[in-house]
1. Just one of B:Arg28, B:Arg54 is without any contact (Cβ under 8 Å) to a residue 60 or more places away in the chain, closer than 19 Å to A:Arg70 by Cα and not small (Gly, Ala, Ser); which is it?
2. Restricting the search to the range B:71-90, which residues are among the charged types (D, E, K, R) and at pLDDT 95 or above?
3. One residue is enough: does the range B:104-112 have a residue meeting the conditions closer than 23 Å to A:Glu91 by Cβ, at pLDDT below 95 and in contact with a Phe, Trp or Tyr (Cβ under 8 Å, 6 or more places away or on another chain)?
4. So how many residues does the range A:81-105 have that are of a type in the set (Asp, Glu) and assigned to a helix (DSSP H, G or I)?
5. Would you check which residues across the range B:17-74 are of a type in the set (Val, Ile, Thr), facing chain A (nearest Cβ under 7 Å) and more than 16 Å from B:Ala107 (Cβ to Cβ) and list them?
6. Can you work out which of the residues in the range A:47-80 that are small (Gly, Ala, Ser) and assigned to a helix (DSSP H, G or I) is surrounded by the fewest Cβ atoms within 10 Å (Cβ to Cβ)?
7. Take the range A:57-115 and flag every residue that is of a type in the set (Lys, Arg) and touching a residue at least 12 places away in the same chain (Cβ under 8 Å).
Protein chains: 2
Amino acid sequence: MTDHPTTPDAGLPEGVDDAVRAELTSLRESIDNIDAAVVHMLAERFKATQRVGRLKAEHKLPPADPARERTQIKRLRELAAGAHLDPVFAEKFLNFIIAEVIRHHEAIANDAVAGGNDAA
Amino acid sequence: MTDHPTTPDAGLPEGVDDAVRAELTSLRESIDNIDAAVVHMLAERFKATQRVGRLKAEHKLPPADPARERTQIKRLRELAAGAHLDPVFAEKFLNFIIAEVIRHHEAIANDAVAGGNDAA
């Protein structure tokens with residue numbers, strides 16, 4: 001809830017040179033800032049995929065969509081290459097996210113079925 | 001390389017209602033925008049961790065840092081909760097990224113050792 005300081009030099013052994021410690025701390029602060037941004041982007045992404053999941057469940061569309069996934073993977077690999085990010089990692093990352101999304105979609109579909117069976 | 005259109009309605013079955021198709025397409029465009037942002041954030045994150053990896057290798061610091069990782073996980077879980085993202089997923093996500101970072105750090109450390117052994 002709170003965005004408290006993370007003591008980014010936690011865990012550095014004693015005896016590390018002050019200049020090295022300062023540079024590591026600065027890099028870790030940047031990493032922490034990026035992680036906060038990514039977490040918030042992913043929160044927004046899951047809001048969108050939850051809406052997709054509800055639409056798919058309402059209209060009896062399958063949770064997974066291999067053609068869409070192939071297009072996404074191709075595009076992300078290209079974007080990654082342009083950003084000097086390993087395209088293999090970008091593809092693994094997207095597969096990791098998609099696995100979570102499909103888990104959500106299946107849960108939504110199961111809830112819809114359970115709701116449909118519940119006459120109360 | 002190119003940020004070409006992704007035909008976000010690829011894979012939707014024939015016979016899907018036009019309004020549903022339009023809403024799915026709009027949601028998929030948002031997802032594609034978010035993915036592009038995240039890929040670029042991750043590219044920047046790996047630039048930072050590569051610098052951390054080189055510093056650690058130069059100063060013989062261990063690639064993994066369990067105290068730092070515990071602090072990161074605790075903070076990301078809190079940020080995720082505030083953003084209505086599943087904290088369990090946020091932790092899995094960070095572990096996924098850290099595994100890749102450690103792989104990079106080990107490669108950097110191995111390169112440094114290989115370089116040190118090469119008298120040429």
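1. Details: B:Arg54 fails: closer than 19 Å to A:Arg70 by Cα.
B:Arg28 is the lone residue from the list that is without any contact (Cβ under 8 Å) to a residue 60 or more places away in the chain, closer than 19 Å to A:Arg70 by Cα and not small (Gly, Ala, Ser).
2. First pass over the range B:71-90, keeping only residues among the charged types (D, E, K, R): B:74-75, B:77-78, B:86.
Hits for the range B:71-90 are B:Lys74, B:Arg75, B:Arg77, B:Glu78.
3. First pass over the range B:104-112, keeping only residues closer than 23 Å to A:Glu91 by Cβ: B:104-108.
Going one step further and asking which of them are at pLDDT below 95, we end up with B:104-108.
With in contact with a Phe, Trp or Tyr (Cβ under 8 Å, 6 or more places away or on another chain) added as a condition, the list becomes B:104.
Yes, the range B:104-112 has at least one match.
4. If we filter the range A:81-105 for residues that are of a type in the set (Asp, Glu), which is where we start, we get A:86, A:91, A:100.
Subset that is assigned to a helix (DSSP H, G or I): A:91, A:100.
Count: 2.
5. Going residue by residue through the range B:17-74, those that are of a type in the set (Val, Ile, Thr) are B:20, B:25, B:31, B:34, B:38-39, B:49, B:52, B:71, B:73.
With facing chain A (nearest Cβ under 7 Å) added as a condition, the list becomes B:20, B:31, B:34, B:38-39, B:49, B:52, B:71.
Matches in the range B:17-74: B:Val20, B:Ile31, B:Ile34, B:Val38, B:Val39, B:Thr71.
6. Going residue by residue through the range A:47-80, those that are small (Gly, Ala, Ser) are A:48, A:53, A:57, A:64, A:67, A:80.
Still in the running and assigned to a helix (DSSP H, G or I): A:48, A:53, A:57, A:67, A:80.
Numbers: A:Ala48: 19, A:Gly53: 23, A:Ala57: 20, A:Ala67: 12, A:Ala80: 23.
Among residues in the range A:47-80 that are small (Gly, Ala, Ser) and assigned to a helix (DSSP H, G or I), the one surrounded by the fewest Cβ atoms within 10 Å (Cβ to Cβ) is A:Ala67.
7. Step one: of the range A:57-115, the residues of a type in the set (Lys, Arg) are A:60, A:68, A:70, A:74-75, A:77, A:92, A:103.
Once the filter is applied, which keeps residues that are of a type in the set (Lys, Arg) and touching a residue at least 12 places away in the same chain (Cβ under 8 Å), the range A:57-115 yields only A:Arg77.
The values are calculated or read from the model by the stated rules, or taken from the named source; none is laboratory data. Just so it is clear, the structure is predicted and the values come from calculations on it, not from any experiment. Glycine gets a Cβ as well: all are built from the backbone with ideal geometry, and neighbour counts include every protein chain shown.
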